[in-house]
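*Asks:* Take a look at the following structure, please.
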Amino acid sequence: MTSQNTPRTVSNPSFPQSIILDKWEDAGFSWEGEVTPMLFPRLLELVDTNHRKTAINLCCKLEKRDNVTWLSMSFDGALWVICQRCLQPLDIELDYEEKLALLYDESQSSLLDDEIDYVLLDEVISTQQHQRLLPLAELVEDELLLNVPLSAKHEDCEMMVAQVGDIPEDEESDNPFAVLAGLKEQLSE
Ligand SMILES: [Zn+2]
């Protein structure tokens, strides 16, 4: 029997928690492979227990262009969270790219298009032995967390009609009286 406390088996130990910004900022850095929710503690809390090791394909790229450092991330896979209505697993499909500008100064943002998302490096980097560390895993985790709705629910959750006294207004097509009327018709046939 395996204990609940057996060490977690991370299938992708090569994904770096952080990278040395001074080393990679000019040279450019990229990483491609599979990650799992196991790598992201904040995300893990929201993920269905049976899907903690479900792989997500991730591609990360750090590069400097026009004096701005960009972090591109592309995701392909699914996040399995818990439906807040029926408490069963619910999958959120991930298949998209996101580009984040890493800025030294808020004033740099005026040079970017309005739709560009950015983070201020001062707010995310830490220093270790005089080297600046970019928390790559945390930035990826932030992005993944944005995909999880505050109150995730199946679009066609089966709990909908079983719930008593809490039928949302937008579900009038599932009107219980209409269902009753349908049953009556069937019985009288
Ligand atoms: Zn549900």
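*Asks:* Report the gain in length on full extension from K53 to A27: 0.36 nm times residue separation, minus Cα-Cα distance, nm rounded to one decimal.
*Replies:* Contour length minus the Cα-Cα distance gives 6.1 nm.
*Asks:* Another question, if that's okay. To the nearest whole percent, what portion of all C-alpha pairs in the range 19-153 is separated by more than 17 angstrom?
*Replies:* Tail of P(r) above 17 Å: 62 percent of Cα pairs.
*Asks:* Same structure, new question: Which cross-chain or sequence-distant (5 or more) residues have an amide H under 5 Å from the amide H of H154, H modelled 1.01 Å from N in plane?
*Replies:* Placed amide hydrogens put Q84, R85, C86 under 5 Å from H154.
*Asks:* Further question on the same structure: What order, most packed first, do the peptides 32-42, 85-95, 147-157 have when packing is the mean number of other Cβ atoms within 10 Å of each residue?
*Replies:* Put in order of decreasing packing, that is 32-42, 85-95, 147-157.
*Asks:* Report, by chain and number, residues whose modeled amide H sits under 5 Å from the one on D48, excluding near sequence neighbours (fewer than 5 apart, same chain).
*Replies:* W80, V81, I82
*Asks:* Something else: How large is ³J(HN,Hα) for each residue in the range 121-130, as worked out from phi by the Karplus curve 6.51 cos²θ - 1.76 cosθ + 1.60 (θ = phi - 60°), to whole Hz, x for Gly and Pro?
*Replies:* 4, 4, 7, 10, 7, 10, 10, 9, 6, 6
*Asks:* What residues qualify as long-range amide H neighbours of S18, i.e. H under 5 Å apart, gap of 5 or more or another chain, H built at 1.01 Å from N?
*Replies:* It is L136, A137, by chain and number.
*Asks:* Within the range 1-152, what percent of beta bridges assigned by DSSP are antiparallel, to the nearest 5?
*Replies:* 90 percent
The numbers here are math on the coordinates, done by the rules we state, and not lab data. The structure presented is a predicted model; accordingly, all values stated were derived computationally and were not measured. Positions of Cβ are backbone-derived with ideal geometry, glycine not excepted, and every protein chain shown enters the neighbour counts.
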